[in-house]
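The values are calculated or read from the model by the stated rules, or taken from the named source; none is laboratory data. Model, not experiment: these values are computed from the prediction. So basically every Cβ, Gly included, is an ideal-geometry build from the backbone, and we count neighbours across all protein chains shown.
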Amino acid sequence: MDKSCAITRLIHPEKQVPQKFGSVQPAVYRASTVFFESTQAMRNRSWQDDYDYSYGLHGTPTTYALADRIAALEGGEYCILAPSGLSAINLVNFTFLQQGDEVWLPDNIYGPNKDLIRQLKTQFGIDYFLYDPLDASSFTPSAKAKLIWLEAAGSVTLEFPDLVGLVEKAQAANVLTVLDNTWGAGLAFCPFDFSAEHLSVDISVHALTKYPSGGADVLMGSIVTRQRNLHLAVLRTHTLQGIGVGGDDAERIIRSLPSIQLRYAQQDSNARQLAAWLSQQDCFAQVLHPALPDAKGHAFWQQVCGESNRAAGLVSVLFKPEFSLQQVDAFCDALRLFKLGYSWGGPMSLVMPYQLEHMRQPGHHYEGLLVRFCIGLEAIDDLVADLQQALQKI
């Protein structure tokens, strides 16, 4: 066998390993080039196919397997994956907003989404308006209104919105409803059936980086819907922009999904215990958590999440006005188990201070400095002890 023959056989092996192999975890497919069985198969394929095996960017058995699982988790029919939660948000905005359109945002919206909308206003003449998520009457769409963003709950101040009232009003005005469902994760409530009247949002966006990943080591997002026309509209933008996810990242999330309900429940329990303890500390003016009876939006949380009685593992606190920025920063720096970092849903607890001067909408005027805790899976007594020692230092 000469050298060229050996190289050719390395690339085109004579023996083919049998593909029939059963295991708990699906195989990981990594590909840019995808083989077609024939020219007829190549010419008959369509980007609208549920499983478009034409190029690795469009999908592989691994990425489609994850998409199907996320659609099932959220109660949807169709799912598209993106490299991050923010990428998924961007896909929705670029798909459905055009020059002259009007988009509505909650005044506690996820900051990067608001920044993107501002950029769209500057570049493409898309108008945006803010509404109070606790007051559906503040949402007053005009004939140009195309889309309303919903967050349940707000990712920093944690108000649970009047989801029923807002969706009813949006549907009456023929405005597309898009929910950032990262907090609920498909577990606190079903975005496509969340009321006695079986109300549904049109699209659910989810940062799979958080609870579905569970390990704080994968970035990914998803866009789920029950409406094929909406799915195909997003898929077209997804294809034209060359957006894709890797098989290895998809496999990591697939491995984590079977434990998502257990992790969510444990972090929910830890967060509520910490919220109760934080409520007893004199240095805080307010503890923010939708399950607390005095929380903003508590009644709306009960209305939508009452059956599941679930909430994400996030708690925010407002320090009393007499505490300075330097003191709040010193508190955060003194924590040992709570690490300073963004995101949530991983095994380790996180802390992040926020300055809310920009939140001046009616009903959302916050006094004092806010700190958000993202509760992990540590023992609750150890987390309390860590908070105690940090508070003693200020």
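Looking at the stretch 289-314, I want the residues that are without any contact (Cβ under 8 Å) to a residue 60 or more places away in the chain and have a partner that is among the small types (G, A, S) and outside any loop (DSSP other than H, G, I, E, B) with Cβ atoms under 8 Å, at least 6 apart or on another chain. Which pairs are those?
Correct list of pairs: A291/A275; L292/A275.
Is there a residue being on the phi > 0 side of the Ramachandran plot and either outside the structural domain of V317 (by TED's automatic domain parsing) or of a type in the set (D, E, K, R) (or both) anywhere in the stretch 241-249?
Keep residues of the stretch 241-249 that are on the phi > 0 side of the Ramachandran plot, which gives 242.
Imposing the further condition that a residue be either outside the structural domain of V317 (by TED's automatic domain parsing) or of a type in the set (D, E, K, R) (or both) reduces the set to 242.
Yes - at least one qualifying residue is present in the stretch 241-249.
Is it the case that A152 is in contact (Cβ under 8 Å) with a residue 24 or more places away in the chain, buried (at least 22 other Cβ atoms within 10 Å of the Cβ), under 16 Å from the mean Cα position of the chain (by Cα) and at positive phi?
Spelling it out, it is not the case that A152 is in contact (Cβ under 8 Å) with a residue 24 or more places away in the chain, buried (at least 22 other Cβ atoms within 10 Å of the Cβ), under 16 Å from the mean Cα position of the chain (by Cα) and at positive phi.
Return only the number of the condition from (1) in a loop (DSSP other than H, G, I, E, B); (2) of a type in the set (D, E, K, R); (3) within 18 Å of the chain's Cα centre (by Cα) that E197 does not satisfy.
For E197, the exception is condition (3).
Look at K121 and say whether it is part of a helix (DSSP H, G or I) and on the phi < 0 side of the Ramachandran plot. It would help to see each step written out before you state the result.
Working: part of a helix (DSSP H, G or I): yes; on the phi < 0 side of the Ramachandran plot: yes.
So K121 fits the description; yes.
Which of the helices (runs of 4 or more DSSP H) found entirely inside the stretch 1-90 contain at least 3 residues meeting this: β-branched (V, I, T), at pLDDT below 85 and farther than 28 Å from D193 by Cα?
Because the criterion is at least 3 residues that are β-branched (V, I, T), at pLDDT below 85 and farther than 28 Å from D193 by Cα, the helices (runs of 4 or more DSSP H) in the stretch 1-90 that meet it are 3-11.
S32: farther than 24 Å from Q261 by Cα and outside the structural domain of D132 (by TED's automatic domain parsing), yes or no?
yes
Please work out which residue is modelled with the highest pLDDT, limiting yourself to the stretch 234-251 and to residues that are part of a helix (DSSP H, G or I) and of a type in the set (S, T, N, Q).
Of the stretch 234-251, the ones part of a helix (DSSP H, G or I) are 234-240, 247-251.
So of that shortlist, the ones also of a type in the set (S, T, N, Q) come out as 237, 239.
Numbers: T237: 96, T239: 93.
The qualifying residue modelled with the highest pLDDT is T237.
Restricting the stretch 206-224 to residues that are of a type in the set (S, T, N, Q) and in contact with a Ser or Thr (Cβ under 7 Å, 6 or more places away or on another chain), which is surrounded by the most Cβ atoms within 10 Å (Cβ to Cβ)? It would help to see each step written out before you state the result.
Going residue by residue through the stretch 206-224, those that are of a type in the set (S, T, N, Q) are 209, 213, 222.
Restricting the remaining residues to those that are in contact with a Ser or Thr (Cβ under 7 Å, 6 or more places away or on another chain) gives 209, 213.
Numbers: T209: 26, S213: 23.
Applying the filter and picking the extreme gives T209.
For the stretch 270-286, give me each residue that is without any contact (Cβ under 8 Å) to a residue 60 or more places away in the chain and in a helix (DSSP H, G or I).
R272, A275, A276
Which of the residues belonging to the stretch 286-301 are over 13 Å from L163 (Cα atoms) and crowded, with 23+ Cβ neighbours inside 10 Å? Give the derivation first.
Of all residues in the stretch 286-301, those over 13 Å from L163 (Cα atoms) come to 286-296.
Matches in the stretch 286-301: L288, H289, P290, K296.
Before we move on, is L158 buried (at least 22 other Cβ atoms within 10 Å of the Cβ), within 15 Å of the chain's Cα centre (by Cα), touching a residue at least 40 places away in the same chain (Cβ under 8 Å) and assigned to a strand (DSSP E or B)?
no
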